[in-house]
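All remarks here apply to the structure that follows.
Values quoted throughout were computed directly from the atomic coordinates according to the rules given, and no laboratory measurement underlies them. What you see is a predicted model, and the numbers here were worked out from it, not measured in a lab. Cβ placement follows ideal geometry from the backbone for every residue including glycine, while neighbour counts extend to all protein chains displayed.
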Amino acid sequence: MTGSEVPPSFRLAYVPGVTPTKWVRIWNERLPGVPLSLVGVPAAEAAGLLRDGGADAGFVRLPVDRTDLSAIPLYTETTVVVIPKDHAATAVEEMSAEDLADEIVLHPLDDTLGWEHPPGRPAFERPATTADAVELVAAGVGLLVVPQSLARLHHRKDLTYRPLAGVVESRIALSWPEERTTDLVEEFIGIVRGRTVNSTRGRPPTPPQPKGKAKDTGKKGGAPRKPAAGRTSRGGSGGSGGSGGAKNPRGGAKGGASRGKPRRRP
C-alpha cells in the first residue's frame, strides 16, 4: 500500500431502536482488517445521511424514496402504548385504538409511525422528541404510542407498555445509495441476509456438465447382449437346419430340402 492509499473502512448508520450488535460482531469476525464504525442518526435524517455519503449503508425506517436508494425490508415492529405502571390499562394484555378514545395521546414531532389520524385526544402541544414524550407520560400528562423498540430504548421503572392491535406498524430496512453498491456493501448485505462465509454472494452457480449418451446395454450396468445362436434379434428362426422353424401348411419344414419329382406312369 502506498502512502496515498486510504485503508478500507465501513460506516454503518442506524436509527433509534435498532440494535446492530449481532451484525457488527459477524463483520468483525469475517473482515477483521476492515474497521466498521457506527453512526447514530434520527429516523427522519437517515436517508439524507446516506445520500450525502455520511454512511455506506444504514438501518432505516420505511418508507424511503427508492429513486436513488436501495432498501431490503428486514422486519416489522409491534406497536405499543407506553403507560404509567399504576394505569388501569395494566390489567389487560393488549389494547386497541378504541381503548384510547378518551385518553390524551402524545404525538411527538419525531414520530416514526406516520399516523394519518393518531388515536386518542391530541395534547395541547406536540413534544419535540420521543424522549420528551416519555417524560410527559411519567408525569401523568398523557400516553404515548411507539414501536416496541423505542419503548424499550426509553424504558423507565415507573412506566410499562402494552401491545396496540389494529394500528400502523413500523418496518426496519437495510438501505444504501444504489449507485454506491460497493463490494463492502455487498458483504454487509450478505451478513444481514445470513449468508455463510463461502457464499457466492448471489453469483449464478456453474451449470452442470452434460452427461455422455448412455449406451443401450440391455441390462443396467452390463455389457451389450448378443442374440442367441440360431436366432435373429427379433426372436425368429435363424440359419438353415434349425429345428425351431415354423411349419408350412403341408407339414414340411419351412426352408428345408424340396421333395423329388413324381415318376411318370409307363
TODO: If a/c stays under 1.5 just call it rounded; otherwise compare a/b with b/c (prolate if a/b is bigger, oblate if not). Do that for the stretch 75-192, with a ≥ b ≥ c from the square roots of the Cα gyration tensor eigenvalues.
DONE: prolate
Open item on the list: At 7 Å along Cα-to-Cβ for each site, give me the label-to-label distance between Glu93 and Asp183 in nm.
Closed with: 5.2
Open item on the list: I'd like the FRET efficiency for Leu109 and Ile26, computed as 1/(1 + (r/R0)^6) with the beta carbon distance as r and R0 of 45 Å, rounded to 0.05.
Closed with: 0.80
Open item on the list: Can you compute the modelled spin-label distance between His155 and Ala44, with each label point 7 Å from Cα toward Cβ, in nm?
Closed with: 2.8
Open item on the list: Using the basic label-point model (7 angstrom from Cα toward the beta carbon), what is the Leu74 to Thr129 distance in nanometres?
Closed with: 2.2
- [ ] Starting from the Cα gyration tensor of the stretch 87-132, take the square roots of the eigenvalues, sort them a ≥ b ≥ c, and report rounded, prolate or oblate (rounded when a/c is under 1.5, otherwise prolate if a/b is larger than b/c, else oblate).
- [x] prolate
Task: Three-way shape label, the stretch 53-140, alpha-carbon gyration tensor, a/c 1.5 - done: prolate
Task: At 0.890 mPa s and 25 °C, Stokes D of the stretch 1-159 from Kirkwood alpha-carbon radius, µm² per second - done: 136
